[in-house]
1. List, please: which pairs have Cβ atoms under 8 Å, are six or more places apart or on different chains, and start with a residue in the stretch A:249-262 that is within 8 Å of A:Val225 (Cβ to Cβ) and end with one that is of a type in the set (Phe, Trp, Tyr) and not in a strand (DSSP E or B)?
2. For the stretch A:18-30, check the following and say yes or no: at least one residue is at the interface with chain B (Cβ under 8 Å from one of its Cβ atoms), out of contact with any strand residue (DSSP E or B) (no Cβ under 9 Å at 6 or more places or on another chain) and modelled with pLDDT of 85 or more.
3. Whether any residue in the stretch A:260-273 is of a type in the set (Val, Ile, Thr) and at pLDDT below 90 is what I want to check.
4. Given the structure, is B:Val26 over 16 Å from the mean Cα position of the chain (by Cα), more than 25 Å from B:Ala135 (Cβ to Cβ) and β-branched (Val, Ile, Thr)?
5. Would you pick out the residues in the stretch B:39-54 that are farther than 18 Å from B:Val153 by Cα and within 7 Å of chain A (Cβ to nearest Cβ)?
6. Considering the stretch A:1-34 alone, what residues qualify as being over 18 Å from B:Val172 (Cα atoms), out of contact with any helix residue (DSSP H, G or I) (no Cβ under 6 Å at 6 or more places or on another chain), not in a loop (DSSP other than H, G, I, E, B) and not charged (D, E, K, R)?
7. Does the stretch A:19-39 hold any residues that are surrounded by fewer than 15 Cβ atoms within 10 Å (Cβ to Cβ) and aliphatic (A, V, I, L, M), and which are they?
8. Inside the stretch A:364-413, can you point out the residues that are among the β-branched types (Val, Ile, Thr), within 19 Å of the chain's Cα centre (by Cα) and at pLDDT below 85?
Amino acid sequence: MSCQVYEEMLSAYVDGELPPLDRQALEEHLATCDTCGQVLLELRSMKMALQSLPEVEPPAGLHATIMRNLKPRSQGLFAGLAGRLSGWTPRQWVPAVAAAMAFVLFLSVGGTYWYWSGRSSSGNLLSGMTKDQAAGQKTNLTTRGAQPGEPSSSAQFEGAATAPRAKSGGDAGSGGTAGSGVSGLAAGGAVLQDADRKIVRRAQVAAEVRRGGVKQAADEAIGIVKANFGYVESSSIVQSEQGQKEAASFYMVARVPEENLDKTIEGLAALGRTTRQDTSAQDITDQYVDLDARLRNKENEEQRLLQIMGQAKTVGELLQVEGELSRVRGDIESMKAQMQRYDKSVALSSLSLNITEEGATKRPPSSWHDVWQAFVNAWRALLLFVAKIAPTMIVLAAIAVAVALVLRKRRTA
Amino acid sequence: MLALSDEEGLINKASKGDAAAFEALVTKYDKGVYNLAFRLVSDRDDAMDIAQEVFLKAYQALPRFRGDSRFSTWIYRVCVNASLDHLRRKQKMASYSLDEPLSFKESPVTREIEDESGSVEDSVETKSLGQAVLAVLRDLEPQHRVIILLSDVKGYSYQEIADILGLCMGTVKSRLHRSRNMVRKLLPPEQFGTLSVKPDGRRDPR
């Protein structure tokens, strides 16, 4: 070993802090090395010189001043806490601060991750839904979930319950269906075949076209609808600004004869890159049959009222019957209108189309904006979390402090 | 000198507010605390202030002294921290008064030496080795000064120094080695003249 190594041991040797093995090795070296011996001599004399320094006498007033300035201890909870914190050495609070920062970092990263994973899972949900709808279209019998303004789910359930019976053929002569009692008249007379089922079909198509091609695609789309004997209920072209670029989009709702719906969808899908294609089918057979039966009942009632009117003796009776008759006729009118709406929605499927420019709908998936947004969201979530948990934490902290105080009192006692 | 168990009793009483018990502790440690502070900051008035501060702080903090280290270690830790804080504050203030004709670092130090032992010039020639080492220490960084003072003047073991400074043993060992080498090289060679075992006076192997 070189002198360098031994020299580094000398300091500890002088202090008597060298482990026995090192000490032995060093002493052997010192026996042969004058250079290290000289260093040892110097170190030892330095230490001894400092050791033998006389102590300085403190000023006479020190003791008295200390005792005079002795203040009663601050007893407050926060004074104690602050005192304890200020009494921490860097070695104590550096890990504490580091731990706190690590926790915050963990929450940020976790929040960001959570945000991202949340996004991707919602995407899966969406595609799953689309698959579902495609299945519904294939069987043509699946009842769709209630849409706003549509008959309630119980009506759809009845529809589903009736379907197998209708399929089983014309042997069902029994009166009641799942509908109201009045409908027995119609249902008993005519059991519906599959072909007679009233199905309302809807479709949604979203497509992306190249930049600047929205107008042309819109014209083509309207052309396709017309070629399939449909018509456009409403349409709109919107120019919106996204960032620096202008983006155009086209939206329309069209009605197309049901038998041409699939052909129309195919045509529209060919306009550009299809980003979404949903179709749904809703079975309204039962509502339809029910309405039909009630309509016939009302028409019978009208006939009877007409007969009664012919037999009326007094003006009073006549007026009474006429009032009744006009009420019944009003009902009949509204039922017929409803019937027509049903017929129309069965005959003409509703088709909505959304055409957007390429790149207008989706951002680059990993842009910094998204990352920043995720970060902001994570912090927002964290703040919300802190705000929500604060009352609980205050209570818990109070309990913890109380317990700590009791324990300390017990220990010092 | 009080026995250890007596000291424990005093600490217990003092932590419950017994001023007389605390006074006994002050009597026992004020000299040591004052000396350490004085060696660290090299100014009598400042050392006095620091010593006061140390004991007042200690009195406030005594209930939290858990006895997992010795009381002397604990109070010297408070003293070292207070002294280093004081030096930092002074350094900051000195940097604010840069345009003053006399550099802050030299004036009080010089005066201190004069107070004790005449001028700087003859202190190097005629003073004891201990005085010369002290003079060199004053020019070192506080962290080097403090570790040499604790080890040599106070005679603490490495473990105790580690407790006082909040360092680990290895750091104490290596820092002491480095600090001592600094002092050794800054000392005028004449100080070791009488010690030299080599006729050519070569004394600094590397």
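1. Within 8 Å, the pairs are A:Val256/A:Phe229.
2. The initial filter retains those residues of the stretch A:18-30 that are at the interface with chain B (Cβ under 8 Å from one of its Cβ atoms), namely none.
For the stretch A:18-30, residues at the interface with chain B (Cβ under 8 Å from one of its Cβ atoms), out of contact with any strand residue (DSSP E or B) (no Cβ under 9 Å at 6 or more places or on another chain) and modelled with pLDDT of 85 or more: absent.
3. Taking the stretch A:260-273 and keeping what is of a type in the set (Val, Ile, Thr), we get A:264-265.
Checking which are at pLDDT below 90 leaves us with A:264-265.
Yes: one or more hits.
4. Details: over 16 Å from the mean Cα position of the chain (by Cα): yes; more than 25 Å from B:Ala135 (Cβ to Cβ): yes; β-branched (Val, Ile, Thr): yes.
Here the answer is yes, as B:Val26 does meet what is asked.
5. In the first step, residues of the stretch B:39-54 are kept if they are farther than 18 Å from B:Val153 by Cα; the result is B:45-46, B:48-50, B:52-54.
Correct list: B:Met48, B:Gln52.
6. Once the filter is applied, which keeps residues that are over 18 Å from B:Val172 (Cα atoms), out of contact with any helix residue (DSSP H, G or I) (no Cβ under 6 Å at 6 or more places or on another chain), not in a loop (DSSP other than H, G, I, E, B) and not charged (D, E, K, R), the stretch A:1-34 yields A:Gln4, A:Pro20, A:Leu21, A:Gln24, A:Ala25, A:Ala31, A:Thr32.
7. A:Leu21, A:Ala31
8. A:Val371, the sole residue that qualifies.
The values are calculated or read from the model by the stated rules, or taken from the named source; none is laboratory data. Here the structure is a predicted model, which is why all the values come from computation and not from measurement. Using ideal geometry, Cβ is built from the backbone for each residue, glycine included, and neighbour counts are taken over all protein chains shown.
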